[in-house]
Amino acid sequence: MAVVIADLKKSTEQRMDKSVQAFKADLGKVRTGRAHTGLLDHVRVDYYGTPAPLNQVAKVILLDARTIGVTPFEKKLIPTIEKGIREADLGLNPATSGDTIRLPMPSLTEERRKELIKVVKHEAENARVAVRNLRRDAIQHLKDALKKHEVSENDERRATDEVQKMTDKHVAEIDRLLAEKEKELMSI
């Protein structure tokens with residue numbers, strides 16, 4: 001009996017953690033006025049006919065607080081890397097100087113910040129919905145186990161309360177991350 005509940009709680013907790021981590025990764029993609037190399041993590045470039053992550057074909061570094069530098073391992077990849085960065089739709093305009101591609105961060109306007117906050121709030125709501133769906137699935141499994149007489153009513157009720165507490169904890173973490181990102185976006 002307890003094994004069914006323990007396994008369910010463990011897997012639900014892990015899946016809720018993954019939802020929060022996915023939200024955290026999505027927040028990292030929303031750029032503020034500051035440069036950070038993580039912006040280019042999902043950029044893919046054509047490397048001899050094969051899409052490759054940018055960090056596998058070039059060195060990505062911060063040149064200063066508002067500029068990212070990309071130095072290709074092979075000089076002939078410069079045009080391909082510039083094209084990949086433009087196609088990633090990050091709002092960055094690559095400028096090549098010598099062997100290095102410079103990516104200055106444009107400053108954010110008030111209007112653009114408000115748009116980014118809307119995007120971030122939408123992502124947060126999607127993450128909350130994902131966590132709530134996991135709660136719903138876990139509670140449904142508990143009800144099914146109760147019908148099959150695999151768990152007692154008291155165990156089912158106690159486990160349902162624990163799943164709800166897990167859900168509340170993860171939703172609170174999502175809200176905290178959202179508040180941090182909003183503050184970061186408005187304080188530049």
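Scanning segment 90-130 for residues that are over 21 Å from ILE174 (Cβ atoms) and of a type in the set (A, V, I, L, M) yields LEU90, LEU92, ALA95, ILE101, LEU103, MET105, LEU108. Residue count for segment 131-166 under the criterion of being in contact with a Lys or Arg (Cβ under 8 Å, 6 or more places away or on another chain) and either under 20 Å from LEU27 (Cα atoms) or among the small types (Gly, Ala, Ser) (or both): the result is 2. Restrict the check to segment 141-157 and report whether at least one residue is hydrophobic (A, V, I, L, M, F, W, C) and surrounded by fewer than 13 Cβ atoms within 10 Å (Cβ to Cβ). No, the conditions are met nowhere in segment 141-157.
Any residue in segment 133-143 that is closer than 25 Å to ILE68 by Cβ and not polar (S, T, N, Q)? No - not one qualifying residue is present in segment 133-143.
Considering segment 49-100 alone, what residues qualify as being β-branched (Val, Ile, Thr) and either part of a strand (DSSP E or B) or under 13 Å from LEU39 (Cβ atoms) (or both)? Listed by number, the residues that qualify are THR50, VAL60, ILE61, THR67, ILE68, VAL70, THR71, ILE85, THR96, THR100.
A single entry from LEU108, LEU103, LEU142 fulfils the requirement of being aliphatic (A, V, I, L, M) and part of a helix (DSSP H, G or I): LEU142. Within segment 1-32, if we keep just the residues that are among the small types (Gly, Ala, Ser) and at pLDDT 90 or above, the residue that is surrounded by the most Cβ atoms within 10 Å (Cβ to Cβ) turns out to be SER19.
The values are calculated or read from the model by the stated rules, or taken from the named source; none is laboratory data. What you see is a predicted model; the values in this text were computed from it and never measured. Glycine also receives a Cβ, built like all others from the backbone with ideal geometry; neighbour counts cover every protein chain displayed.
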